[in-house]
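Here it is: the structure, laid out below.
The values are calculated or read from the model by the stated rules, or taken from the named source; none is laboratory data. Worth saying up front: this structure is predicted, and the values here are computed from it rather than measured. FYI the Cβ positions are ideal-geometry reconstructions off the backbone, even for glycines, and counts take in every protein chain you see.
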Amino acid sequence: MRKIILSFLLSVQTAAGLFAQPAGVDDKAHPCPVNTITEKGAWCWFADPRALHYENESGTINSTYIGYIDVQGYIKATQIDHLHNRRNEVMIRSWFQPDDHNNPTFLVLPDERIMIFYSRHTDESCFYYRVSREPGDITTLGSEIRLETDHNTTYPSPFILSDDPKHIYLCWRGIAWHPTIARLTLPDAQDSMMFDWGPHQIVRSMNGAGGVRPYANYASNGRDKIYLAYTSTHPDNQRENHIYFNYLDIHSKELKDINGNKLSVVGDSLLHDVHITPAYREKYPFAVVDSSPYRNWIWELALDQNENPVMATVGISHDKSSHDYYHIRWKGNRWQKTFLSNAGGHFHQSPDIENCYSGGMAIDKHNPLIIYGSVPVTGKHGPVYELKRFTVASDGSSVAEKQITFNSAKNNIRPFVIAGGSDELSLLWMQGDYYDWIVSAARPQGFPTAIRTSISIPQSMVDLETGLIYSHSDVKVSETNRLMIKVPESKVFTIAMRLSPDPTEYHGDILTFAGVTYTLPEEEGAAPLLKAGKRTYVSSNQPGNSDRWKEEARSTNGLWYQPVKPDTLRLVITYEQGTLRTFIDGLIDQSLEIDGISLTDIAAGGFRGVADELRVYNRALTQDEIERLP
């Protein structure tokens, strides 16, 4: 990856019009590199870490993992392997509720396997998770497992702490729509785990007449404490929405304020009740971060090198038309709040909903005095949300401001800075149009954004001719009409097939080779099967998307609408060094360890439909090449 050197131009911010450049700001230098993770991806800003970097001491793992969901309900992740200079994109789950609240979050287990959590937006009492079979490699994900709870689930944020390395602490918005925590056993050999403490509601907000929903961001010191910053409720619900800060001591289970004063014991029947009243602030002065009379919201919580909390927050006017960004940090005896910039109003294209949705902010994990913010700027495409870097003086007296994206055709929003790795900037953000957080008949466009990054992305050379040993187009197939192909024996190979199954009979054998058969089962809702000898490997993903949600009412109602099966499906199977991988429409679906496969004969067909293209290579194509297949 390239080293990005960003110099700082110190200037005191002056008042500016909504789309005007602040006085004294040089916007002509130091643009951020703009690379593409995916053209289809989005996330919310409360389920974290949505991306992480992990390097081990032995030097065998050095990878970045980035998760997202798209408007068709595919939960996906990209892994950038910096050791081997390669990129892979994985299908974590197809046909999921198409809602940007459902982005996946990551956790590195003590054995260095990568665990991924995800859930529907508030309308199911369960989480889903998958665990990589190999350390540091999400291309080897095991089967999806459902983790049952007694309450709704949104925004999973998992932690493993060094004082208790045999457990996972999972935080989310759960019981009564409030911050919730539980302790889990580590996954066993079958990836199973269970709750052994909790779930427990952490606090109780007593603000508002009903439907109170405190929003929380979490962080940890990696050792013995989990920190949370949270609001009274959703800022849409109250003209004043305060911000609070507590932490949980995992040994005593005590909830404490910033000064270590005990507020409650999590798990006891007596909850800590939070109010926006003067009486509460007088009684618990070190639990309140910001009680300014605005619709306050929190974007991120991080810790500085001394384990002092740092927050990126926004204050929204009573009429929701004006958003102001702030940097808040604990100075040992007080909260230091520094104004960063006006951020316009809501950023998206739908004026009648979610007027508290700012462009977004992210804290630089290497230097929490730096905040990246999405603000409206006038460029050659008119008013567009661009990214700026704000550097706060240590005493909070001044802010240096630098624009880092320029003349974008679409909005740049919801930035995120990855922790870990080198001091190089690892910035991610969404770019594109945005209509709603869920796909529905009301706004079927949903959130058709891309994920951009400052990180250099490895690109392998694409050569779709080298190693090609067979090619055939427009093959008519059926249950009885199969194309029989004989190729030179190869222990390394790729079989690529673009097929159009009969929509009324979307099932049957697709490919048979070297004692392996790939099948779409006849049962409704069944996932593809790969049979090798006496073993059957079932995918966690159906061949279908969530486009049916476009026809339904806007709702988090817990329903699973029928998957929409694609008219055309691109299936690719590669085999190399004992690993057989299947790709669906360019995404890694299954990765299986099967020894001793040697390709000689292929039978294409066993289903009703058309194989529009069939190619065979005597080498394993890279994912970059697979994505470029015709």
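Among the residues of segment 326-353, what is the count of those that are on the phi > 0 side of the Ramachandran plot and surrounded by fewer than 16 Cβ atoms within 10 Å (Cβ to Cβ)?
1
Within segment 47-60, does at least one residue satisfy the condition of being of a type outside the set (Lys, Arg), touching a strand residue (DSSP E or B) at 6+ places or on another chain (Cβ under 8 Å), over 20 Å from SER220 (Cβ atoms) and in the same structural domain as GLU401 (by TED's automatic domain parsing)?
The answer is no; no qualifying residue exists.
Output the residues belonging to segment 421-435 that are surrounded by fewer than 23 Cβ atoms within 10 Å (Cβ to Cβ) and in a loop (DSSP other than H, G, I, E, B).
Scanning segment 421-435 gives GLY421, SER422, ASP423, GLU424, ASP433, TYR435.
Among the residues of segment 571-625, which ones are within 16 Å of THR512 (Cα to Cα), part of a loop (DSSP other than H, G, I, E, B) and touching a Pro at 6+ places or on another chain (Cβ under 9 Å)?
Matches in segment 571-625: ARG608 only.
Can you say whether GLY467 is touching a residue at least 12 places away in the same chain (Cβ under 8 Å), touching a His at 6+ places or on another chain (Cβ under 7 Å) and over 19 Å from TRP45 (Cα atoms), as far as the supplied structure shows?
no
Working only within segment 126-165, note down all residues that are among the polar types (S, T, N, Q) and surrounded by fewer than 16 Cβ atoms within 10 Å (Cβ to Cβ).
Those that are among the polar types (S, T, N, Q) and surrounded by fewer than 16 Cβ atoms within 10 Å (Cβ to Cβ): SER143, SER162.
Residue check: is ASP436 among the acidic types (Asp, Glu) and either over 30 Å from ILE371 (Cα atoms) or in contact with a strand residue (DSSP E or B) (Cβ under 7 Å, 6 or more places away or on another chain) (or both)? First the steps, then the outcome.
Working: among the acidic types (Asp, Glu): yes; either over 30 Å from ILE371 (Cα atoms) or in contact with a strand residue (DSSP E or B) (Cβ under 7 Å, 6 or more places away or on another chain) (or both): no.
No; evaluated as a whole, the condition is false for this residue.
Within segment 308-323, is there a residue that is more than 30 Å from PRO376 (Cα to Cα), within 27 Å of the chain's Cα centre (by Cα) and modelled with pLDDT of 95 or more?
Looking for residues that are more than 30 Å from PRO376 (Cα to Cα), within 27 Å of the chain's Cα centre (by Cα) and modelled with pLDDT of 95 or more, one finds at least one in segment 308-323, hence yes.
I'd like the residue in segment 250-274 that is of a type outside the set (Ser, Thr, Tyr), assigned to a loop (DSSP other than H, G, I, E, B) and over 32 Å from the mean Cα position of the chain (by Cα) and, out of all such residues, is surrounded by the fewest Cβ atoms within 10 Å (Cβ to Cβ).
Top of the filtered list is LEU270.
Does segment 137-185 hold any residues that are under 14 Å from HIS251 (Cα atoms) and either assigned to a helix (DSSP H, G or I) or acidic (Asp, Glu) (or both), and which are they?
ASP163, ASP164 - these are the residues of segment 137-185 that are under 14 Å from HIS251 (Cα atoms) and either assigned to a helix (DSSP H, G or I) or acidic (Asp, Glu) (or both).
Is it the case that some residue within segment 469-485 is part of a loop (DSSP other than H, G, I, E, B), modelled with pLDDT of 95 or more and not assigned by TED's automatic domain parsing to the domain that holds TYR74?
Checked segment 469-485: no residue is part of a loop (DSSP other than H, G, I, E, B), modelled with pLDDT of 95 or more and not assigned by TED's automatic domain parsing to the domain that holds TYR74.
To continue, here is another question. Counting only residues that are of a type in the set (Ser, Thr, Tyr), assigned to a loop (DSSP other than H, G, I, E, B) and either more than 29 Å from TRP549 (Cβ to Cβ) or in contact with a helix residue (DSSP H, G or I) (Cβ under 9 Å, 6 or more places away or on another chain) (or both), how many does segment 45-80 have?
First, the residues of segment 45-80 that are of a type in the set (Ser, Thr, Tyr): 54, 58, 60, 63-65, 68, 74, 78.
Of the ones still in play, those that are also assigned to a loop (DSSP other than H, G, I, E, B) are 58, 60, 74.
From what is left, the residues that are either more than 29 Å from TRP549 (Cβ to Cβ) or in contact with a helix residue (DSSP H, G or I) (Cβ under 9 Å, 6 or more places away or on another chain) (or both) are 58, 60.
Of the residues in that region, 2 qualify.
Turning to a different aspect of this structure: Considering only residues that are within 25 Å of the chain's Cα centre (by Cα), in a strand (DSSP E or B) and farther than 12 Å from MET311 by Cα, which ones fall in segment 223-245?
Residues satisfying the conditions are LYS225, ILE226, THR231.
If you don't mind, another one. Residues in segment 181-203 that are more than 25 Å from PRO135 (Cβ to Cβ) and surrounded by 18 or more Cβ atoms within 10 Å (Cβ to Cβ): how many?
8
Please work out which one of (1) under 27 Å from TYR247 (Cβ atoms); (2) in contact with a Leu (Cβ under 7 Å, 6 or more places away or on another chain) is the condition CYS126 fails and give its number.
(1)
Separate question: Does THR78 count as more than 21 Å from TYR434 (Cα to Cα), crowded, with 20+ Cβ neighbours inside 10 Å and out of contact with any Pro (no Cβ under 8 Å at 6 or more places or on another chain)?
Yes.
On to the next question. Considering only residues of segment 539-580 that are surrounded by 13 or more Cβ atoms within 10 Å (Cβ to Cβ) and aliphatic (A, V, I, L, M), which is modelled with the lowest pLDDT?
Per the criteria, the residue is LEU569.
Which members of segment 94-135 meet the condition of being in contact (Cβ under 8 Å) with a residue 40 or more places away in the chain and among the acidic types (Asp, Glu)?
Passing the criteria: ASP99, ASP100, GLU112, ASP123, GLU124.
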